[in-house]
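Reading through the structure tokens given below for one structure.
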Amino acid sequence: MAEELIIPVGTDRKEIYDALLPQINSLIETESDLTANLANISAALKEAFGFFWVGFYLAKEGQLVLGPFQGPIACTRIPFHKGVCGASYSQQKTIIVPDVDQFPGHIACASASKSEIVLPVFHRNGTVAMVLDVDSDQLNDFSETDAEGLQSILTLLERKL
Ligand code: SME
């Protein structure tokens with residue numbers, strides 16, 4: 001595909017996720033390199049929604065290690081049980097945090113981050129390969145719409161793991 005996203009304007013997030021899904025599929029379906037695909041997924045989400053921070057933490061060397069991302073510099077290593085990312089990794093589920101100050105153990109990489117959503121990405125054998133972390137500078141910015149929209153993008157990625 002052309003290296004340009006087509007994002008509907010003046011629509012709600014569900015419509016943007018629906019428009020984004022086939023475009024992300026086109027971007028990654030013929031590319032076998034994981035880093036390239038994680039980089040483009042991060043960039044597409046940042047461009048489509050203007051989120052404060054979007055990126056991946058990969059499970060390796062017994063911890064979560066920063067992977068491709070878009071946004072300000074971030075913590076490079078997170079223990080498996082620390083923060084929202086560690087909670088999503090160890091509980092193997094999507095976690096929405098409406099107010100990061102209310103989440104025990106939240107890791108503040110940037111003080112501007114107010115709410116976040118973290119989703120696990122699974123290997124075929126059921127273990128967690130990585131997590132996708134999306135941060136907003138607005139309180140309570142994520143809902144089930146984001147959980148579903150982001151999950152459908154990650155399902156495309158999981159097919160390639
Ligand atoms: N806030 C995350 C850490 C990663 S940064 O926000 C990019 C957490 O608590 O796991």
Yes/no for Glu47 being under 16 Å from Ile153 (Cβ atoms), open to solvent by 40 Å² or more (accessible area, probe 1.4 Å) and without any contact (Cβ under 8 Å) to a residue 40 or more places away in the chain = no
message = Looking for something in contact with a His (Cβ under 7 Å, 6 or more places away or on another chain) and hydroxyl-bearing (Ser, Thr, Tyr) - is there at least one such residue anywhere in region 85-98?
response = yes
Within region 59-82, the residues that are open to solvent by less than 50 Å² (accessible area, probe 1.4 Å), hydrophobic (A, V, I, L, M, F, W, C) and within 9 Å of the ligand (Cβ to nearest atom) are Leu64, Leu66, Ala74, Cys75, Ile78
Filtering region 19-42 down to residues that are in a helix (DSSP H, G or I) and either within 16 Å of the ligand (Cβ to nearest atom) or in contact (Cβ under 8 Å) with a residue 60 or more places away in the chain (or both) yields Leu20, Leu21, Ile24, Asn25, Ile28, Glu29, Leu34, Asn37, Leu38, Ala39, Ile41, Ser42
* Assess whether Ser115 counts as being free of Cβ contacts under 8 Å to residues at least 60 places away in the same chain and either of a type in the set (Gly, Ala, Ser) or surrounded by fewer than 20 Cβ atoms within 10 Å (Cβ to Cβ) (or both). => yes
The condition from (1) within 12 Å of the ligand (Cβ to nearest atom); (2) open to solvent by 40 Å² or more (accessible area, probe 1.4 Å); (3) in contact with a helix residue (DSSP H, G or I) (Cβ under 7 Å, 6 or more places away or on another chain) that Thr145 misses is numbered (1)
Expected output for region 137-155 (first residue within 21 Å of Phe103 (Cα to Cα) and in contact (Cβ under 8 Å) with a residue 60 or more places away in the chain, partner part of a helix (DSSP H, G or I) and of a type in the set (A, V, I, L, M, F, W, C), Cβ below 9 Å, 6+ apart or cross-chain) is Asp146/Phe49
Here is a check on your reading of the model: is Asp133 in contact with a strand residue (DSSP E or B) (Cβ under 8 Å, 6 or more places away or on another chain), charged (D, E, K, R), surrounded by 14 or more Cβ atoms within 10 Å (Cβ to Cβ) and at pLDDT 95 or above? yes
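Would you point out which residue out of Thr30, Thr76 is more than 17 Å from Pro120 (Cβ to Cβ), modelled with pLDDT under 95 and not basic (Lys, Arg)? Let's see the steps before the verdict.
Working: Thr76 fails: modelled with pLDDT under 95.
Of the residues listed, the single one that is more than 17 Å from Pro120 (Cβ to Cβ), modelled with pLDDT under 95 and not basic (Lys, Arg) is Thr30.
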Subset of region 83-108, residues under 17 Å from the mean Cα position of the chain (by Cα), more than 7 Å from the ligand (Cβ to nearest atom) and either open to solvent by 60 Å² or more (accessible area, probe 1.4 Å) or at positive phi (or both), comes to Gln91, Gln92, Lys93, Pro98
Those residues of region 17-32 which are under 16 Å from the mean Cα position of the chain (by Cα) and surrounded by 18 or more Cβ atoms within 10 Å (Cβ to Cβ) amount to Tyr17, Leu20, Ile24, Ile28
Of the candidates Leu156, Leu139, the one satisfying the condition of being of a type in the set (A, V, I, L, M), farther than 29 Å from Glu29 by Cβ, away from the ligand (no atom under 12 Å from the Cβ) and open to solvent by 10 Å² or more (accessible area, probe 1.4 Å) is Leu139
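The values are calculated or read from the model by the stated rules, or taken from the named source; none is laboratory data. The structure displayed is predicted, hence computed values, not measured ones. Note that we place each Cβ from the backbone using ideal geometry, even for glycine, and neighbour counts take in every protein chain shown. Accessible surface is based on the protein model in full, side chains and every heavy atom, while ligands, DNA and RNA are left aside. Shrake-Rupley method; radii C 1.70, N 1.55, O 1.52, S 1.80 Å.
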